[in-house]
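Enquirer: Below is the structure I would like to discuss, written out as structure tokens.
The values are calculated or read from the model by the stated rules, or taken from the named source; none is laboratory data. Everything quoted here is computed from the prediction, not taken from an experiment. Cβ sites come from the backbone with ideal geometry, for glycine too, and all protein chains shown count toward neighbours. In case anyone asks, the SASA skips ligands and DNA or RNA and just uses the protein heavy atoms, side chains included. Shrake-Rupley method; radii C 1.70, N 1.55, O 1.52, S 1.80 Å.
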Amino acid sequence: MTTVARRGVCLVISAPSGAGKSTIANALRAGDSSLVHSVSVTTRSPRPGEKEGVHYHFRSMEQFREMAAQGELLEWAEVFGRGYGTPRAPVEAALASGRDMVFDIDWQGHRLLRAALPDDVVSLFVLPPSMKELDRRLRSRASDAESEIDKRMGAALAEISHWSEFDHVIINEELDRAVREAQSILIAARLKTRRQHGLAALMTEYEAHLTI
Ligand code: ADP
Ligand code: 5GP
């Protein structure tokens, strides 16, 4: 198969908590083993089933601030009173070697990441079909305490108010459809002319064929 060297895509998926961005990101990765999840650093405690280094790097606030001060985080923000940030080194390595990364970060992270990597970020905002359904989904994730759910529900409209900053918006009503839409966005991003820097070499091969 003819492969063209290209830079990786930073696919940012944001949504109000509970709208389904982790579910969509997991489905994307399940269907494409080359897709790398950007594992964020957080100061919140692990939920049941969450593993260190897989879902998050769980750190103390002191360690988190030290990482930020040393420039080890590409972007960071405080969300729900906790620190969240994106480690820099894995992102730079993945992009340079043409691997695509999925980022499950909030609107602040999206803004900062876009400013840091303007040519690499493609962003997707996930909306719930209704606020009633968002409330139901947050409650269905039984691991969060009632007060935590109320806090997240209260913050949902503020998060949603940033929808227009994103390149694409999808409504996650029927999951299969939402996943297909997210896959289409990723495929189109991979095929952007400016991302496929290896096309110049392919043109040289075409020309060489004619001059033989
Ligand atoms: P987020 O990562 O945005 O906080 P999750 O992916 O954890 O949200 O989803 C929240 C809950 O909603 C989970 O229990 C998940 O299984 C469920 N969910 C996600 N998408 C759908 C959908 N399209 N229809 C019904 N339930 C969904
Ligand atoms: P949760 O605690 O539910 O895993 O995540 C809470 C919020 O933090 C979500 O909106 C999620 O997108 C955001 N978040 C997770 N990782 C990062 C990160 O590295 N940077 C930023 N800015 N937000 C993040």
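Enquirer: Filtering segment 28-47 down to residues that are over 22 Å from Glu72 (Cβ atoms) and not in a loop (DSSP other than H, G, I, E, B), which residue is farthest from the chain's Cα centre (by Cα)?
Expert: Ala30
Enquirer: Okay, moving on. Looking at Ala15, Ala27 in this structure, which one is under 23 Å from Asp135 (Cβ atoms) and crowded, with 20+ Cβ neighbours inside 10 Å?
Expert: Only one candidate qualifies: Ala15.
Enquirer: Being within 14 Å of Ser38 (Cα to Cα), open to solvent by 30 Å² or more (accessible area, probe 1.4 Å) and hydrophobic (A, V, I, L, M, F, W, C) is the filter here, so list the residues in segment 59-92 that pass it.
Expert: Across segment 59-92, the qualifying residues are Trp76, Ala89.
Enquirer: May I ask you to verify whether Ser164 is away from ligand 2 (no atom under 16 Å from the Cβ), of a type in the set (S, T, N, Q) and over 16 Å from the mean Cα position of the chain (by Cα)? So that I can check it myself, show each step before the final result.
Expert: On the way: away from ligand 2 (no atom under 16 Å from the Cβ): yes; of a type in the set (S, T, N, Q): yes; over 16 Å from the mean Cα position of the chain (by Cα): yes.
Considered against the rule, which asks whether it is away from ligand 2 (no atom under 16 Å from the Cβ), of a type in the set (S, T, N, Q) and over 16 Å from the mean Cα position of the chain (by Cα), Ser164 comes out as yes.
Enquirer: Could you grab me the full set of residues in segment 109-145 that are of a type in the set (S, T, N, Q) and in contact with a Phe, Trp or Tyr (Cβ under 9 Å, 6 or more places away or on another chain)?
Expert: Scanning segment 109-145 gives a single hit, Ser123.
Enquirer: Test of understanding: among Ala25, Ala89, Ala94, Ala77, which residue is outside any strand (DSSP E or B), within 13 Å of ligand 2 (Cβ to nearest atom) and either within 23 Å of Lys151 (Cβ to Cβ) or out of contact with any Cys (no Cβ under 7 Å at 6 or more places or on another chain) (or both)?
Expert: Among Ala25, Ala89, Ala94, Ala77, only Ala25 is outside any strand (DSSP E or B), within 13 Å of ligand 2 (Cβ to nearest atom) and either within 23 Å of Lys151 (Cβ to Cβ) or out of contact with any Cys (no Cβ under 7 Å at 6 or more places or on another chain) (or both).
Enquirer: Next question, about the same structure. Can you tell me which residues in segment 34-53 are more than 15 Å from ligand 1 (Cβ to nearest atom) and surrounded by 11 or more Cβ atoms within 10 Å (Cβ to Cβ)?
Expert: Step one: filter segment 34-53 for residues more than 15 Å from ligand 1 (Cβ to nearest atom), giving 34-36, 41, 43, 45, 51-53.
Hits for segment 34-53 are Leu35, Val36, Val41, Thr43, Glu52.
Enquirer: Shifting gears a bit: Report yes if some residue within segment 180-191 is open to solvent by less than 70 Å² (accessible area, probe 1.4 Å) and either more than 30 Å from Ser34 (Cβ to Cβ) or within 16 Å of ligand 2 (Cβ to nearest atom) (or both); otherwise report no.
Expert: Looking for residues that are open to solvent by less than 70 Å² (accessible area, probe 1.4 Å) and either more than 30 Å from Ser34 (Cβ to Cβ) or within 16 Å of ligand 2 (Cβ to nearest atom) (or both), one finds at least one in segment 180-191, hence yes.
Enquirer: Going by the conditions given, is Asp150 closer than 23 Å to Glu50 by Cβ, out of contact with any Ser or Thr (no Cβ under 9 Å at 6 or more places or on another chain) and in contact (Cβ under 8 Å) with a residue 12 or more places away in the chain?
Expert: Taking the combined requirement at face value, the residue does not satisfy it.
Enquirer: Please find, among Phe125, Phe103, the residue that is within 13 Å of the chain's Cα centre (by Cα) and closer than 18 Å to Thr42 by Cα.
Expert: Phe103
Enquirer: Here's another thing I want to ask about it. Can you tell me which residue in segment 93-139 is surrounded by the most Cβ atoms within 10 Å (Cβ to Cβ), limited to those that are within 16 Å of ligand 1 (Cβ to nearest atom) and of a type in the set (D, E, K, R)?
Expert: Among residues in segment 93-139 that are within 16 Å of ligand 1 (Cβ to nearest atom) and of a type in the set (D, E, K, R), the one surrounded by the most Cβ atoms within 10 Å (Cβ to Cβ) is Asp104.
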